[in-house]
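Below is one structure, written out as structure tokens; comments come after it.
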Amino acid sequence: MSEAQALLEAERITKRFAGISALEEVTVEVHRGELVGLIGPNGAGKTTLFDCLSGKLRPDEGDVRFDGRSLVGLPVHRRARLGLARTFQRIELFSGMNVRDQLLVAERARHGGGSFLRDAVGLSRPTADEIERCDRMLDLLGLTPDADRPIESLSLGRGRLVELGRALMTEPKLLFLDEPSSGLDRRETHDMGTVLQAVQERSHTAILLVEHDVPMVQRLATRLYVLDAGHLIASGPTREVLDDPAVRAAYLGVGV
Amino acid sequence: MTTAPILELVDVSAGYGAFRALFGVSFAVPAGTAVAIVGPNGAGKTTVARVCSGLVQPTSGRVLVDGDDVTGAATHQVARRGVAHAPEGRSVFATLSVEENLTLSFRQAFGRTGTGDGLARAYELFPRLGERRRQLAGSLSGGEQRMLTLARVLVLEPRLLVADELSLGLAPIVTEDVYRTLGRVRAAGTALLIVEQHLDHALAIADEVVVLDRGEVGFVGPAHELGDRAASFLSAHEETV
Amino acid sequence: MIEILELAVRGVPTGCVFALLAVGLVLTYKTSGVFNLAFGAQAYVSAVVFYEVRKEHEWPLLPAALLAIVVIGPLLGLLLDRVLFRHLRTSGSVAKLVTSLGLLVAIPELVRLAFGSESKKNPPPLWYVERTDQWLWPEGSRFVLDAGQVTTILATLVVVAGLGVLFRSTALGLRMRAVVESPRMVELNGINAERVSMVSWMLSSFLAGLSGVLLAPLFASLSPFDFFTLLVAALAATAFGRLSSIPLTLLGGILLGVLQAILAGKLPTDSILANGLRPALPFVVLFALLLFWPGLRSARDAADPLAGVDPPPPPAAASIRTRFLTVGTRAFAVTVSAIGLLLGWFVLDSFWLGLVTSGVILGVIMLSITVITGMGGMISLCQATFAAIGAFTTARVVDSLGMSVIVAIFVGAVVAAAVGGLLALPVLRLEGVYLALATLAFALMFQSVMVPLDWVSGGTTPLRVPRPVIGPVDLAENRAFFVLAAALLALAGALVYVVKRGTTGRFLDALRGSEYAAASVGISATRAKVIAFSLSAGIAGLGGGLLACFYGAANYDQSFNFFYGLVWVVLVVTAGARSVQAAVISGLGFFLIPEFLQRLFEIPGRYVADHPDLPAAVEAVLRTIKPEYSLGVAFILFGFGALTYAKHPEGIIEVQTRAALRKVMGALDRTDRSQPTPATDDARPPDEDPAAPATDDDARRPAPVRTGGAGVP
């Protein structure tokens, strides 16, 4: 990795809810194309950190810089258009749409959204180019057989893939994944890991991964951050961090 | 066996609207034993748990508690027979505080006088909840909400505990804690029906295993016999680590 | 200073009136999740019962009060819970709001049917002492309270204290709050959720009855409308209490009363501002609180964690039908419209043509609800206001600029769209019920501040709007105007249709699915919703201008009263908020159904007149059916229609379409087995399809759709 500026620099992020500190001066960096893991016990503030970075929550203190510019004050959709995408711990798909439409909506939104005038004269059907890009994504994720199914009829595992696909349609530079294996069985977890590796190889998207499945983190992440009670307690290469006694005590427990 | 099992499902089919999730599922949970339900996602495990507590009514078949037919009974009637269900996911009252969540349950089970004791035991089990007792449950993290659900059912010491995806979203260290507590609860006489993704967790505690596949029972038997019979089915899930 | 204090004290009793209603509303909301706009209607029921037994049957005070408050109140609550809200327990707060709107429309008409429509003057008080007997406090001062005010203050304080105890330190209070969030989880705790919410409803309905009987003497005669207006005024106090805190609600109510009294005493009585502001104060306060009161703005519904237990909604008819049937359905729609046009032109007499034209124009306004509610997922209660803005603008532009009428109608639409967009900017941060309340507050502010102004509405004489002349066609002729209205309806319908299918519609779909997720792919919620609001307001304005033009005048009270806005929402949502044809049908229904009913109700009377030898009993029964009931019965039907919303949120029309499609597709399937038809699986008996994709998630498993190729693994 070149010594160029990091893609994402979150500096000393602090967030409190009703006086209770959820994040305390957390500093995180993600470089272009790398996959970084973020682990920590329940309530450590992982999802809160994601929400601060993606713009849902406004941190009380701290600065977030992305691709050379400050993100402070930008709403979620503006950050998304700059190249920040995310998936959700508790899956958030657009109800009442089929799989392909989920991706087509994201594809359209990537450019900042359609014009009302085009709608009014009936000129906003998906273009051949959009459909093709969308079909390629479905293919990459192995979702082609499900393309026309309503998302309500998908299994959780397929649903998580659709969410991933939807995020990738925006051609993100950085992707936040919030527990992508949660609720998946082992085979699905394994498949998810394989897909993530493929995605990374293909598009060089940087990924920040929150995950409880330690084997999956080990397999995918080159570096790790460990959060505990809102504090960053360790960071570094995956293996080293996992062997750190403090991390073992706070998170992994003796048996692992 | 001379006494009726705590819970028995006889040829139960169930589903949601037009969708069928279970087809003729039968198994029993004898008193004091632990039964694990395993199977891939979408096999119908959660539906089985819901049928047991009366949240989902079977379209055919019967549900027996202590030998009495409770098919069609309201959920609260099943609960009063000592069946506690910890549903999957974030099953807490988000707009009530942690303490109110617990009080709601303990007032019903232990009466006015027992509530305080129950709260104390819950906070002993999960000190983290004690720290946040005044906080709204909705403001807890996913894992903490899980703890709250668990604290409720573990303190109740029900006759049968139906636990759906206990470890989902819990850090490894907490998962181990939870299973240790389950062991204690079981030693105190509670029968367990555990729905699990993680086979090794399930097998470590279960006497019997029910393997569900596509809404049908693929295997029922002692946990240690699972090996050969279902090897082909499970191998796909074992290979990841 | 003393003067201010005196005014303030004078405001306390009124404040307690606000507080009593507001506390009742908060209680209902906290324990049932229903923002019960029909609370005033419930209060009205008890007030009328009290009036009847006390004045007509001269019961003594105590039994009369017991019957009206302790028996009728809770009984009504029990009834509402049993037949209605029990089935709504797991629905969203918007569905519940719509249901309460339906009740609001239906209950007063039911009361009128039961107790007669003659006016009930001088409602009796709930105390023995006459009002003239005044209480002086402190001794010798000018602070004066009469017995009625003292009773109200005491009752309010007792109610607040009682509810405080209930929620703070009883198991029942805790259970009531828990049931709102998830009745199923309450059941898992071994608690009978149905009984808990039954008790909640009885309690809140008892409070409604108490307020009704207490407040009735404030009015010269009993009218459901006064009760509703008073309730809406009290909403500011509920907002002050953030819909949850009962002490804060009490404080809010009293502050509101005090503020009103001070304003009334201090503002010069002759200024326009004062005349408009005084009645509008509660609505202005409500609007401001909704926008700026911390804690309200971000309030959301807590979702039921066990919602996955419900069967999923069935797929929309449009998504299950085959290509052939889609073409068929459209051809059918075109044919029906053409027949309608021909009927209008050649067959209808001028009376029916007038009704149908009104219905067609209202159909345009109804389309605005399709946009805001069906596409945007927001409940707006100020669509009548946007229509009025369109109408007033049309009238003013024609009058002062001499512009062509048809152009003026479009100018009206543009102005309405602009107002809609401006209103949207602050209001859009609100969710669900709060958004609906803010629009209601806006409608009432408009009604009490803007409408009385001369330069807006023309004051007491409605502004005239002439009929346009387009080239050689003079639209003063009703049949020509009917065609113009139909053409504009078609235009608006087509616009709504393409926008729904276009990017804006898809973005709105995504936002309704998950706002955060939509933002995370780059969709701007603000932008999409402002467009929806503007488009909706513009269409309503277009309809308003057209209606004014058809009637020859922009008459606010007759055409655009905010209450109509509520009825329209109920109608459209009942018929189906997402479909264009449902909007058109509900527009026609609003005018035609009362008329049909009237014709129907005239039959028994005529029969009696023609058959003088009927048995007396039969004649008596037939005589009870009077044509003048028709409007009331129509409103009852409209109101009860909304109650089906819980079961069929997609609307009656959609349900019927789907059922019809199933039948047709089933028939096609049977006659043509050899052809591979992509028919649906869920239409067949479930056991014929055991090979449903087993990878489905446990929690949400709807019927697999379209297995014709794509769905089969």
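Residue-by-condition table, conditions (1) in contact (Cβ under 8 Å) with a residue 60 or more places away in the chain; (2) under 23 Å from C:Ser119 (Cβ atoms); (3) surrounded by fewer than 24 Cβ atoms within 10 Å (Cβ to Cβ):
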site	(1), (2), (3)
C:Leu203	yes, no, yes
C:Gly209	yes, yes, no
C:Ala216	yes, yes, no
C:Phe225	yes, yes, yes
C:Leu230	yes, yes, yes
C:Leu243	yes, no, yes
C:Thr249	yes, no, no
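Residues in segment A:59-91 that are surrounded by 21 or more Cβ atoms within 10 Å (Cβ to Cβ), farther than 23 Å from A:Glu107 by Cβ and not assigned by TED's automatic domain parsing to the domain that holds A:Asp213: none. Taking the stated definitions as given, is B:Gly118 modelled with pLDDT of 90 or more, touching a Pro at 6+ places or on another chain (Cβ under 9 Å), crowded, with 19+ Cβ neighbours inside 10 Å and more than 14 Å from chain A (Cβ to nearest Cβ)? Against the criterion (modelled with pLDDT of 90 or more, touching a Pro at 6+ places or on another chain (Cβ under 9 Å), crowded, with 19+ Cβ neighbours inside 10 Å and more than 14 Å from chain A (Cβ to nearest Cβ)), B:Gly118 does not qualify. In the set (1) more than 11 Å from chain A (Cβ to nearest Cβ); (2) in contact with a Gly (Cβ under 6 Å, 6 or more places away or on another chain); (3) not charged (D, E, K, R), B:Gly221 fails one condition alone, (2).
Name the residue that is farthest from the other protein chains (Cβ to nearest Cβ), counting only residues in segment B:53-66 that are more than 20 Å from B:Gly32 (Cβ to Cβ) and surrounded by fewer than 19 Cβ atoms within 10 Å (Cβ to Cβ). Only one residue tops the list, namely B:Arg62. Note on segment B:67-94: residues that are surrounded by fewer than 21 Cβ atoms within 10 Å (Cβ to Cβ) and either more than 7 Å from chain C (Cβ to nearest Cβ) or over 22 Å from B:Leu192 (Cα atoms) (or both) total 11.
Among the residues of segment C:621-633, is there at least one that is surrounded by fewer than 17 Cβ atoms within 10 Å (Cβ to Cβ) and of a type in the set (S, T, N, Q)? For segment C:621-633, residues surrounded by fewer than 17 Cβ atoms within 10 Å (Cβ to Cβ) and of a type in the set (S, T, N, Q): present.
Restricted to segment C:147-183, and to residues there that are of a type in the set (Val, Ile, Thr), part of a helix (DSSP H, G or I) and within 25 Å of B:Thr113 (Cβ to Cβ), the residue that is modelled with the highest pLDDT is C:Val165.
Going by what's in this entry, would A:Arg160 be described as assigned to a helix (DSSP H, G or I), basic (Lys, Arg) and more than 26 Å from C:Leu535 (Cα to Cα)? Taking the combined requirement at face value, the residue satisfies it. Taking the stated definitions as given, is B:Val162 part of a helix (DSSP H, G or I), in contact with a strand residue (DSSP E or B) (Cβ under 6 Å, 6 or more places away or on another chain), at pLDDT 80 or above and at the interface with another protein chain (Cβ under 10 Å from one of its Cβ atoms)? No: the conditions fail for B:Val162. Inclusion of C:Phe507 among residues that are more than 28 Å from C:Val407 (Cα to Cα), in a helix (DSSP H, G or I) and modelled with pLDDT under 90 is not warranted.
The one condition from (1) outside any loop (DSSP other than H, G, I, E, B); (2) surrounded by 24 or more Cβ atoms within 10 Å (Cβ to Cβ) that C:Ser380 does not meet is (1).
Rundown of residues vs (1) at the interface with chain C (Cβ under 10 Å from one of its Cβ atoms); (2) assigned to a loop (DSSP other than H, G, I, E, B); (3) in contact with a helix residue (DSSP H, G or I) (Cβ under 9 Å, 6 or more places away or on another chain); (4) crowded, with 24+ Cβ neighbours inside 10 Å, yes/no style:
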{"residue": "B:Ser26", "(1), (2), (3), (4)": "no, no, no, no"}
{"residue": "B:Val51", "(1), (2), (3), (4)": "no, no, no, yes"}
{"residue": "B:Gln108", "(1), (2), (3), (4)": "yes, no, yes, no"}
{"residue": "B:Thr113", "(1), (2), (3), (4)": "no, no, no, no"}
{"residue": "B:Ala122", "(1), (2), (3), (4)": "no, no, yes, yes"}
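In the set A:Arg90, A:Arg78, only one residue is assigned to a helix (DSSP H, G or I) and not small (Gly, Ala, Ser); that residue is A:Arg78. One residue alone among C:Ser559, C:Ser520 is more than 10 Å from every other protein chain (Cβ to nearest Cβ) and either surrounded by fewer than 19 Cβ atoms within 10 Å (Cβ to Cβ) or at pLDDT below 95 (or both), and that residue is C:Ser559.
Table: residues versus (1) touching a Leu at 6+ places or on another chain (Cβ under 7 Å); (2) away from chain A (no Cβ under 14 Å); (3) of a type in the set (Phe, Trp, Tyr).
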| position | (1), (2), (3) |
| --- | --- |
| B:Ser139 | no, no, no |
| B:Leu148 | yes, no, no |
| B:Ala151 | yes, no, no |
| B:Thr175 | no, no, no |
| B:Leu182 | yes, yes, no |
| B:Arg186 | yes, yes, no |
| B:Thr190 | yes, yes, no |
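A single member of A:Glu188, A:Glu171, A:Glu152, A:Glu132 is on the phi > 0 side of the Ramachandran plot and of a type outside the set (Lys, Arg), and it is A:Glu171.
Applying a threshold of 7 Å to beta carbon distances and a minimum spacing of six or more residues, or different chains, the list of pairs starting in segment C:109-123 at a residue that is more than 15 Å from C:Ala634 (Cα to Cα) and ending at one that is in a helix (DSSP H, G or I) reads C:Phe115/C:Val48; C:Phe115/C:Glu52; C:Lys120/C:Val48; C:Lys120/C:Tyr51; C:Pro123/C:Ala47; C:Pro123/C:Tyr51; C:Pro123/C:Ala216; C:Pro123/C:Pro217. Contact annotation: residue pairs with Cβ atoms under 6 Å, 6 or more positions apart or on different chains, pairing a residue in segment B:134-160 that is free of Cβ contacts under 8 Å to residues at least 24 places away in the same chain with a partner that is among the small types (Gly, Ala, Ser), are B:Ser141/A:Gly43; B:Glu144/A:Gly43. The set of residues in segment A:163-189 that are outside any helix (DSSP H, G or I), away from chain B (no Cβ under 12 Å) and in contact with a helix residue (DSSP H, G or I) (Cβ under 7 Å, 6 or more places away or on another chain) comprises A:Thr170, A:Glu171, A:Leu175, A:Phe176, A:Pro180. Between A:Ser70, A:Ser54, A:Ser21, the distinction of being more than 18 Å from the chain's Cα centre (by Cα), more than 14 Å from chain B (Cβ to nearest Cβ) and of a type in the set (Ser, Thr, Tyr) belongs to A:Ser70 only.
Among the residues of segment A:220-227, none qualifies, meaning not one is assigned by TED's automatic domain parsing to the domain that holds A:Arg16 and free of Cβ contacts under 8 Å to residues at least 24 places away in the same chain. Reported count of residues in segment C:497-510, each being crowded, with 24+ Cβ neighbours inside 10 Å and within 24 Å of the chain's Cα centre (by Cα), is 1.
Do the conditions hold for B:Val38, that is, is it modelled with pLDDT of 90 or more and either farther than 18 Å from B:Phe219 by Cβ or of a type in the set (Val, Ile, Thr) (or both)? When the stated conditions are applied, B:Val38 does not pass them.
Only one of the numbered conditions (1) over 22 Å from B:Asp200 (Cα atoms); (2) more than 14 Å from every other protein chain (Cβ to nearest Cβ); (3) hydroxyl-bearing (Ser, Thr, Tyr); (4) surrounded by 16 or more Cβ atoms within 10 Å (Cβ to Cβ) is violated by B:Thr3, and that is (4). In summary, helices (runs of 4 or more DSSP H) completely within segment C:1-88 and bearing 1 or more residues that are touching a strand residue (DSSP E or B) at 6+ places or on another chain (Cβ under 8 Å) and either in contact (Cβ under 8 Å) with a residue 40 or more places away in the chain or surrounded by fewer than 17 Cβ atoms within 10 Å (Cβ to Cβ) (or both) occur at C:2-32, C:39-51.
The values are calculated or read from the model by the stated rules, or taken from the named source; none is laboratory data. From a predicted model like this one, the values you see are computed outputs, not experimental measurements. Quick reminder, even Gly has a Cβ in these numbers, built from the backbone with ideal geometry, and neighbours come from all protein chains shown.
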